[in-house]
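Engineer: My structure is below; once you've seen it, I'll send some questions.
The values are calculated or read from the model by the stated rules, or taken from the named source; none is laboratory data. Computed from a predicted structure; not experimentally measured. In this analysis, Cβ positions are derived from the backbone assuming ideal geometry, glycine residues included, and neighbour counts consider all displayed protein chains. Note: areas computed on protein heavy atoms with side chains; ligands, DNA, RNA excluded. Shrake-Rupley method; radii C 1.70, N 1.55, O 1.52, S 1.80 Å.
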Amino acid sequence: MNLFADIHSLVIDALTQMQSEGTLPADLDFANVTVEPPRDALHGDMATNAAMVLAKAARMKPRDIADTLAIKLAADDRITSADVAGPGFLNLRLAPDVWLSVIPDAIKTGNDFGRSTMGGGKKVNVEYVSANPTGPLHVGHTRGAVFGDALASLLDFAGYNVTREYYINDGGAQVDVLARSAYLRYLEANGQEVQFVDGTYPGDYLVEVGEDLKAKYGDSLVGKPESEWLADLREFSTAAMMDLVRKDLASIGVKMDVFFSEKSLYGTGLIETALDNLDAKGLIYQGTLEPPKGKLPDDWEPREQTLFKSTEHGDDVDRPVKKSDGAWTYFAPDIAYHYDKIERGFDELIDILGADHGGYVKRMKAAVSALSDGKVPLDIKLTQLVRLYKNGEPFKMSKRAGTFITLHDLVKLVGADVTRFVMLTRKNDAPLDFDFDKVLDQSKDNPVFYVQYAYARINSVLRKANEAGIDVSETALIASDTSNLGHDAELAVARKIAEWPRLLELAAKHNEPHRIAFYLYELASEFHSLWNRGKDDPDLRFLQDDKIAVSQAKISLIRAVSVVISAGLGILGVTPMEEMR
RNA sequence: GCACCGAUAGCUCAGCUGGAUAGAGUACCUGACUACGAAUCAGGGGGCCAGGGGUUCGAAUCCCUUUCGGUGCACCA
């Protein structure tokens, strides 16, 4: 049930009727007509912009349209008043029982309340994290992981068929570096003194890999030339790193559907096929790129390479797909990978990348646009940097000083739930300040606990009611008589609940899970407010002595609140807490 | 030099793809615990929405431009 959608279709019906009566011209586009909560509750329960949006195309005055529309809408049972205001807003008030009807519906539907069919089962691929398999995940990856995961859940909830995917960059030179670094740890495990020169990874997460290598190979690789062990160690250490990555992801509640290996593209002809596809469209050519304007690299020299004409699809310059020695650039397998996604039949692609990859957005979009003939949209969401703070001071990360904060550290220090909620309480394209002390502070300063507290309080009331012998089973609450409710403070909560399905669709439409976090905060606020009003006005307390039916109605209201909190937190991947003592 | 992202209350941020008098939290000032959890609530002050132009009935939101911050800029991934 989505009340805003219901009233929206009521408005559209009325407008269509006006067309058939000749009050409105026949050729009008209703796409921009919205029904939304007004900014100021004094204006009404819902407002529609229909008159203003249509005025121009209909060549009529907004207020004239609004007046006629108001009469039609007011005729509906659900509408108690329809007033024209300001430049042509139409403010609607709904009968209390319409709002209250959302309560049994929410309880009945449970964690699926608000689930939408908006996505129509369209296949969406969400690619996120995709960190190089060369070490543990760090703070930046964490944000991408949390954001991508919440977005995937959000889209799933909105009716899309979602695949969560991780692209393993296991084909490039960085994997050679990993293998050499692991070899050094292997030598160490065999009792040798080793030096980690520049260009190797000194992190101690490879110590265990070195020991595992010793267990597998004994000392048979010691002193052997690189050519004899490099390939094996690449394989062995990337597998070990991916185990690490999977563990890290699992610790923060992220589970991928597909791990796609870059290496698996080589030798299958897929890269060639993808580029042939572009070539057939006349988008591949041999050429020489202009030097970059501004600062010129010291070793710049004109080079003829195989180029992709990405400028045809909105990029600033054409991009090389082959190096001057004929080998593929990193971009070629990326193209093939996205080609594969298109071939797998996805209707929509979403990539979550760190802000440092901002330079790839245009070229990747160009490639997907070219490969799919513009049929498959690619949305690339960049997650901006995470700035760490401790005691209000910026916290500098340094691998050398050992102050490098990994996902593992983060989860150990503040927990998965707090990490997720805090990182989702921000737009993805705004930088995020993450203060260790603040997020751990269990106070109203911290939105995580504010929402959790509301949930815990509601459960507390349910326990109390149960002790008092009131039947608060799901069936009893669904059957409770909501006409016992009706105070403004109670209706305000019901209205907020009714907004949930609408908000969810908006968040999904814009790929913005942070809206859920903010909504939950507002919902919690409405609830806390109602709670405290019960102190001054005994009629607003949830448990009413000797009035079981009234108590049940009031409890059903807050039970509906907890249902929405639970559903919302579920999308964000945060566990609701029954108790917080 | 170019591209992308950001700039909203002292501070941290929302602002529902153009709507009504721009909102929360925090901090500061007042109040509310002898009944459901005070990790809460009620009230108050606090704004040139970075600056300037434009588009229109209407702009924090769209376009242009300037300034300041962040990120990235030939075969590395």
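Engineer: Among residues other than residue A:270 whose Cβ falls under 13 Å from its Cβ, what is the net charge (Lys/Arg +1, Asp/Glu -1)?
Structural biologist: -3
Engineer: If you don't mind, there's one more thing I want to ask. How big is chain A on each of its three principal axes, counting only the C-alpha atoms and giving the largest first in Å?
Structural biologist: Computed over the Cα atoms, the extents are 85, 63, 41 Å.
Engineer: Could you compute how much accessible surface residue A:112 exposes when probed at 1.4 Å, giving the result in Å² to the nearest 10?
Structural biologist: Surface accessible to solvent at residue A:112 totals approximately 80 Å².
Engineer: Shifting gears a bit: Run through all the Cα pairs of segment A:3-94 and give the fraction in each 5 Å bin from 0, expressed as whole percent.
Structural biologist: P(r) for segment A:3-94, in whole percents per bin: 3, 15, 29, 29, 16, 7, 1.
Engineer: What part of the accessible area of chain A, given as a whole %, is carbon or sulfur when the probe is 1.4 angstrom?
Structural biologist: Its accessible area is 49 percent carbon and sulfur atoms.
Engineer: If one computes the Cα centroid of segment A:477-530 and of segment A:91-117, what distance in Å separates the two points?
Structural biologist: If we compute the Cα centre of each part, the gap is 9 Å.
Engineer: Still on this structure, I have one more. So how far, in whole Å, is the C-alpha centre of segment A:312-355 from the one of segment A:3-73?
Structural biologist: Answer, in whole Å: 45.
Engineer: Here's another thing I want to ask about it. What does the accessible area per residue of chain A come to in Å², with a 1.4 Å probe and no ligands, DNA or RNA counted?
Structural biologist: For chain A, the solvent-accessible area averages 47 Å² per residue.
Engineer: DSSP loop (so not H, G, I, E, B), at most 15 other Cβ within 10 Å: list which trypsin sites (Lys or Arg not before Pro) in segment A:1-101 pass both filters.
Structural biologist: A:39, A:59
Engineer: Next question, about the same structure. For segment A:3-94, what relative contact order do you get, as a whole percent, if you take Cα pairs closer than 8 Å and at least 6 residues apart?
Structural biologist: Dividing the mean separation by the residue count of segment A:3-94 yields 26 percent.
Engineer: Here's a follow-up. Tell me the angle of helix A:3-20 to the major Cα principal axis of chain A, expressed in degrees between 0 and 90 and rounded to the nearest ten.
Structural biologist: That helix lies at roughly 70 degrees to the long axis.
Engineer: Still on this structure: So which chymotrypsin sites (Phe, Trp or Tyr not before Pro) in segment A:64-152 pass both tests, a DSSP loop state and at most 16 other Cβ atoms within 10 Å of the Cβ?
Structural biologist: none
Engineer: Throw me the Rg/Rh for segment A:437-518, computed over C-alpha atoms with Kirkwood Rh, two decimals.
Structural biologist: Taking Rg over the Kirkwood Rh, I get 1.05.
Engineer: Kirkwood hydrodynamic radius, segment A:318-407, all distinct C-alpha pairs: what's the number in Å?
Structural biologist: Averaging 1/r across every pair of different Cα atoms and inverting gives 15.8 Å.
Engineer: Do any of A:438/A:509; A:281/A:309; A:381/A:427; A:123/A:255; A:255/A:381; A:56/A:375 go past 21 Å between their Cα atoms, and which?
Structural biologist: Listed pairs above 21 Å: A:438/A:509; A:56/A:375.
Engineer: Turning to a different aspect of this structure: Per residue of segment A:535-544, what does 6.51 cos²θ - 1.76 cosθ + 1.60 with θ = phi - 60° give for ³J(HN,Hα)? Whole Hz please, x for Gly and Pro, Karplus curve as stated.
Structural biologist: 6, 8, 10, x, 5, 9, 5, 6, 9, 10
Engineer: Can you spot the aspartates and glutamates whose alpha carbon is less than 17 Å from residue A:224's alpha carbon? Ignore those fewer than 8 places along the same chain.
Structural biologist: Straight-line reach from residue A:224, under 17 Å: A:176, A:188, A:193, A:232.
Engineer: If you line up the long axis of helix A:173-189 against the longest principal axis of chain A, both from Cα atoms, how many degrees apart are they, to the nearest 10?
Structural biologist: Tilt of helix A:173-189: around 70 degrees.
Engineer: Tilt of helix A:361-371 relative to the longest C-alpha principal axis of chain A, in degrees (0 to 90, nearest 10)?
Structural biologist: Around 90 degrees separate the two axes.
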